[in-house]
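One structure is given below, encoded as structure tokens.
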Amino acid sequence: MWGGRFAAGPDAIMEAINASIGFDKRMAAQDIAGSRAHAAMLAATGVITDNDADAIREGLLTVLSEIETGKFEYSTALEDIHMNVEARLKEIIGEPAGRLHTGRSRNDQVATDFKLWVRDQFDAAEKGLLALIAALVDQAEAGADWVMPGFTHLQTAQPVTWGHHMMAYVEMFGRDLSRVRDARARMNESPLGSAALAGTSFPIDRDMTASALGFDRPTANSLDAVSDRDFALEFLSVASICAMHLSRFAEELVIWSSAQFRFVTLSDRFSTGSSIMPQKKNPDAAELIRAKVGRIFGANTALMMVMKGLPLAYSKDMQEDKEQVFDAADNWMLALAAMEGMVKDMTGNRESLAAAAGSGFSTATDLADWMVRVLKVPFRDAHHVTGTLVAMAEARGCDLPDLSLEDMQGVHAGITDDIFSVLGVENSVNSRMSYGGTAPAQVRAQVARWKEILNS
């Protein structure tokens, strides 16, 4: 490959540290797509003949077939997927293969291949997120009026609905979906034709290759194009935020499926047993999703460290970009699919949810709000009265609705028996009719909104 510049071949250690074929062969389809577009453009602009372009196109299809059927033999000595494909192309078609690299460099070739690969992963992430959101919307619709405890600090706060809780994750993953689409749109510029760093003197048509590969336009600066890995960093950043959301939900599923909570029952398909304790049903899929975030965060940090000190344009350090992205993409897609499966299969235990909804004095805020609304008591005073009543109920081992009217009037004489209309958890959730609130009517409105989004 190095022609006459080097008198000796690489040392075995140099070959081992320099070669990337062990992992960048995953970009074979993207590499061949880029080469086919480049060859067609070279013929259209008169840089190579139509006969050479036809031979290159047919030869590349043969190489792709060999790769897809497992017949292709990769060589570490040829370093990467680009040279492996070109060397095999030369064996198949001979001299025309040497004209394929006219007007380009491995620098713009790898940037193009990697962008195409990451773009495909963004598309896969979009599909995975849409499927997960749809599963959550179905759960929300089915349990729009199921009551459950809402938590802050993992302590019972106020009653909410199951549907409201499911829709909270719909909003989270909806933001992830918007980030995926936003990042994909921003990265959709073609580096091909930037050559090594300065462009090329050949009369190439970069708009033609950009269009052929589904890019919106060619990149505007050749130096930036070959040294840019922002698209990979954005992919990892988006993946990291989404993985964090997946991990938060996974944590709740682990807690909710425990014997102490019994809020949900996970299907056998996404649970495992114990080798020694026959009663166990472990939420291992959720636990593994919770762990994936570490690998994805790590990939994001690792690539940031690779890129942080690099001068323009290309440096060999950038070969270390792909393994991080490949691993993160694999784990992100797996976590999305596993979470979708768990959500579709899981069963909310309505009775357990309802029993827990009224615990922990969850309607205390409703009592305070009632005093403000009906008795015109300043909220801070109402807060103090309610806290006193909570302490009284706690000392007696009962809940707020179990206190008598006389007990309550002993703390504040203005309280009437109308107070009991707000202390039940059903009354509490039904009253939360503010936009985005937990009332079943509001949940159903958000379900309808998201169904429309999904259908469009």
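Helix 364-375: angle to the longest alpha-carbon principal axis of the chain, degrees 0 to 90, nearest 10? The angle comes out at about 60 degrees.
A DSSP coil position with no more than 16 other Cβ atoms inside 10 Å describes the following trypsin sites (Lys or Arg not before Pro) in the stretch 239-328: Arg262, Lys280, Lys281, Lys308.
Using the structure shown, list the pairs from Lys292/Lys322; Lys25/Lys115; Lys344/Lys451; Lys127/Lys344; Lys90/Lys316 with a Cα-Cα distance above 21 Å, or answer none.
Numbers: Lys292/Lys322 18 Å; Lys25/Lys115 15 Å; Lys344/Lys451 16 Å; Lys127/Lys344 16 Å; Lys90/Lys316 26 Å.
Check vs 21 Å cut-off fails for Lys90/Lys316.
By the Cα gyration tensor, the stretch 107-356 has an equivalent ellipsoid whose semi-axes, rounded to whole angstrom, run 44, 18, 14 from largest to smallest.
Rolling a 1.4 Å probe over the protein heavy atoms gives the stretch 360-455 an accessible area of 53 Å² per residue.
Once all protein chains are placed together, Asp207 keeps about 100 Å² accessible to a 1.4 angstrom probe. For the stretch 12-102, the Cα-based Rg and Dmax, in that order, read 13.4, 43 Å. Using the Stokes-Einstein relation with a Kirkwood hydrodynamic radius computed over Cα pairs, the translational diffusion coefficient of the chain at 37 °C and a viscosity of 0.692 mPa s comes to 125 µm²/s. Surface calculation, 1.4 Å probe, protein heavy atoms: His412 sits at approximately 50 Å² accessible.
Met244 contributes an accessible area of around 70 Å² to the protein surface, as traced by a 1.4 Å probe with all chains present.
Roughly speaking, to the nearest percent, how much of the chain's 1.4 Å accessible area is carbon and sulfur? Answer for the chain: carbon and sulfur cover 53 percent of the accessible area. The accessible-area ordering, largest first, of the residues Val137, Val372 stands as Val372, Val137, per a 1.4 angstrom probe. Shown here are the Rg and Dmax of the Cα trace of the stretch 319-407, at 24.0, 76 Å.
The amide H of Ile48, built 1.01 Å from its N in the peptide plane, has Ala43 as neighbours under 5 Å, considering only residues 5 or more places off or on other chains.
Mind jotting down the distance between the C-alpha centroids of the stretch 403-456 and the stretch 252-310, whole Å? The distance from the Cα centre of the stretch 252-310 to that of the stretch 403-456 comes to 34 Å.
Within the chain, which is the longest segment that contains none of the chymotrypsin sites (Phe, Trp or Tyr not before Pro) sitting in a DSSP loop with at most 11 other Cβ atoms within 10 Å?
On the way: sites that count: Trp2, Phe6, Tyr435.
Result for the longest clean stretch: 7-434.
In the stretch 133-250, Rg over Rh equals 1.26, where Rg is the alpha-carbon radius of gyration and Rh the Kirkwood radius from pairwise Cα distances.
The angle between the Cα long axis of helix 440-455 and the main principal axis of the chain comes to about 10°, on a 0 to 90 degree scale.
Accessible area per residue, 1.4 Å probe, Å², for the stretch 12-102: what's the number?
Numbers: 4260 Å² over 91 residues.
With the other protein chains kept in place, the stretch 12-102 gives 47 Å² per residue.
Note on the chain: with charges restricted to the Cβ of Lys and Arg (+1) and Asp and Glu (-1), its dipole about the Cα centre is near 240 debye.
The values are calculated or read from the model by the stated rules, or taken from the named source; none is laboratory data. This structure is a prediction, so every number in the text was calculated from the model and none was measured. Please note: Cβ atoms are built from the backbone with ideal geometry, for glycine as well, and neighbour counts cover all protein chains shown. The area values use the complete protein model at the heavy-atom level, side chains included, leaving out ligands, DNA and RNA. Shrake-Rupley method; radii C 1.70, N 1.55, O 1.52, S 1.80 Å.
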